[in-house]
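The values are calculated or read from the model by the stated rules, or taken from the named source; none is laboratory data. Predicted model only: the values in this text are computed from it and were never measured. All Cβ positions, glycine included, derive from the backbone under ideal geometry; neighbour counts span all protein chains shown.
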Amino acid sequence: MCKGGEEFMNASRTSIRMVDGRDTSIPTWIPDKCDCPTPCNQDFYSFSVDSRIRTDNASVTRLYYVDMNYEEIQEEYSYNIFALLCDLGGTLGLLLGASVLTMIQILEWFFSTVAAWVLSHRSPVQVVAPAT
């Protein structure tokens with residue numbers, strides 16, 4: 001309970017500075033710098049404050065909502081189990097196909113190299129003339 005107009009004015013100025021966030025000497029809660037996990041439900045209201053002192057030493061404080069809109073955010077899985085299995089199968093098929101083609105190319109190179117080596121190290125054929 002406030003004891004007079006001056007005490008109310010001080011409390012009113014402090015509360016307005018806290019809501020406004022411009023006064024750095026008063027700690028304010030900044031949602032972007034919070035390390036807390038996102039809650040399942042969060043109500044956040046933007047408002048403006050109007051405080052006045054009436055002549056009979058009573059105060060009137062009015063809160064005005066900035067807008068009456070709401071935003072709903074839903075989280076969904078980006079991959080369901082079917083899409084995951086399809087992607088894994090496609091990747092596995094690609095890698096397996098590339099492996100088979102690579103093995104065929106390695107075998108082809110090996111046989112070509114062996115055949116070239118055998119042909120280059122073959123002893124020359126001697127033709128024997130028939131005896132007369």
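Values for this structure:
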{"read-out": "Neighbours by Cβ (under 8 Å, 6+ apart or cross-chain): first from the range 92-113, without any contact (Cβ under 8 Å) to a residue 40 or more places away in the chain; second surrounded by fewer than 10 Cβ atoms within 10 Å (Cβ to Cβ)", "value": "none"}
{"read-out": "From the options 123, 59, 78, residue that is modelled with pLDDT of 80 or more and among the small types (Gly, Ala, Ser)", "value": "78"}
